[in-house]
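The values are calculated or read from the model by the stated rules, or taken from the named source; none is laboratory data. Note that this is a predicted model, so its numbers are computed, not measured. All Cβ positions, glycine included, derive from the backbone under ideal geometry; neighbour counts span all protein chains shown. Just the protein is used for accessible areas: all its heavy atoms, side chains included, with ligands, DNA and RNA removed. Shrake-Rupley method; radii C 1.70, N 1.55, O 1.52, S 1.80 Å.
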Amino acid sequence: TSVPSSSGGIVPILVVGGGYSPNDHDGTSALSSGDEMGNMVYFLNAETGSVLWSAGGRSEATNTISSMKYAVPSSIAVVDMDFDGVADHMYFGDMGGQVFRIDIKPDGQHVVNRIANVGGTGDTRRRFYEAPAVAYVRTNGQNHLYIAVGSGYRAHPLDETTTDGFFVIKDESALESNAVAVATTSNMTNVTTGGVPSASSRGWYYTFSVTGEKALASPIIYDGRILFTTYAPTVDQEFDNPCAVRYGVSYLHTVNLLTGEPAALSDELPTPAERSQELQQSTPAPTPTLIVDGEGRVITVVGTEVVGEGDLGDPRLRKRRWMQLTPDDANNIRQPEETDEGN
């Protein structure tokens with residue numbers, strides 16, 4: 001992306017998180033007072049690699065932010081509101097269950113705001129490893145950005161001690177310049193067992209229903225729906241050996257952006273009773289991919305799996321296999337010779 005610089009002009013940049021802090025997260029369930037490393041965000045000149053600007057909890061940061069205590073291993077979500085090629089806002093989560101927004105300023109004096117804190121200790125020791133998804137929404141005459149992000153312990157996908165969940169934050173301060181409280185599980189609506197967010201709610205969230213279920217990939221937002229995948233390890237005692245191969249279950253969640261209620265994969269399908277459906281994959285599934293066919297119909301693909309087409313009775317995407325041929329094998333494949341009848 002590109003941002004204004006303090007010396008004037010627009011500069012193409014790479015924006016990266018500070019990375020991972022193994023001593024604080026590899027085998028630690030307790031929340032540290034501050035991670036040893038990784039609690040930074042950097043703007044790098046895309047042409048030279050030099051650091052143009054940085055923010056974080058370390059003394060070398062351009063902007064020292066006391067609340068940026070925890071590592072940022074994820075990518076950064078970039079928002080360009082007017083499609084001019086210059087970033088307006090950026091969003092990221094950290095390993096302490098916090099979410100931040102960077103406001104890009106014309107003079108290069110960019111501002112960092114903490115907009116959510118949904119982590120804690122014990123079974124609420126939530127971590128954000130993946131970048132959030134961002135959607136622009138206009139409701140009741142007001143403009144808001146909705147930030148969607150799921151928590152999960154990627155370094156230990158077999159962990160079953162944390163109650164992870166999915167969180168959607170209504171960011172009222174980015175576009176309206178309102179001073180609002182940091183979103184927490186206290187001022188967000190818990191829609192786990194039902195309920196609809198009120199106008200005053202800072203957003204909504206729900207916790208995952210399967211023991212050990214966690215989000216290990218970024219979500220996507222399309223047509224008022226959020227799609228994301230989760231993974232839950234098996235609980236069979238036979239696999240208690242951490243060195244053994246262990247499979248689990250992956251799920252695809254499809255929910256309404258504004259309410260968290262179950263949503264259909266497309267307008268062609270009925271609304272399901274549950275938010276999630278089990279996938280055929282037994283390993284952590286990636287971010288869903290949406291493909292629009294020539295008729296404008298949406299096809300949902302998760303890894304190599306096409307989801308939902310059986311319900312339509314009209315498969316539009318079929319699996320094909322590709323293999324590398326040796327030169328001799330390739331030479332044996334020839335186009336059929338034309339005949340007089342075929343001319």
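In table form, for the structure just shown:
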read-out: Cβ-based net charge around Val168, under 14 Å, with every Lys or Arg adding one and every Asp or Glu removing one; value: +1
read-out: Computed lengthening from Thr304 to Thr121, 0.36 nm per intervening residue step minus Cα-Cα distance; value: 62.2 nm
read-out: Where GluC sites (Glu not before Pro) in DSSP loops with at most 11 other Cβ within 10 Å are excluded, longest remaining stretch of the chain; value: 61-273
read-out: Kirkwood hydrodynamic radius of segment 140-282, Cα pairs, Å; value: 16.4
read-out: Net length gained if the chain between Val196 and Glu176 were fully extended (0.36 nm per residue, minus Cα distance); value: 4.9 nm
read-out: Beta bridge orientation in segment 1-125: antiparallel %, DSSP, nearest 5; value: 95
read-out: Cβ-based net charge around Ala263, under 9 Å, with every Lys or Arg adding one and every Asp or Glu removing one; value: +1
read-out: Two-site label geometry, Asn63 and Ser6: point separation in nm, points 7 Å out along Cα→Cβ; value: 1.2
read-out: Exposure rule at most 10 other beta-carbon atoms within 10 Å, DSSP loop chymotrypsin sites (Phe, Trp or Tyr not before Pro): the chain longest free segment; value: 84-321
read-out: Separation of the Glu47 and Arg297 label points, Cα + 7 Å toward Cβ, nm; value: 4.9
read-out: Protein-only accessible surface order, largest first, of Ser67, Ser54 at 1.4 Å; value: Ser67, Ser54
read-out: Amide proton proximity set for Leu52, modelled H, under 5 Å, gap of 5+; value: Phe43, Leu44, Asn45
read-out: Distance from segment 133-195 to segment 204-232 (C-alpha centre basis), Å; value: 12
read-out: Förster-model FRET efficiency, 41 Å R0, Thr161 and Phe83, C-beta, rounded to 0.05; value: 0.40
read-out: Measure of compaction for the chain (Cα Rg per 2.2 N^0.38 Å); value: 1.13
read-out: Over segment 51-174: Rg over Rh, Cα atoms, Kirkwood Rh; value: 0.99
read-out: Solvent exposure ordering (accessible area, 1.4 Å, most first) of Lys170, Lys105; value: Lys105, Lys170
read-out: Considering only segment 93-156, percent of DSSP beta bridges that pair antiparallel, nearest 5; value: 100
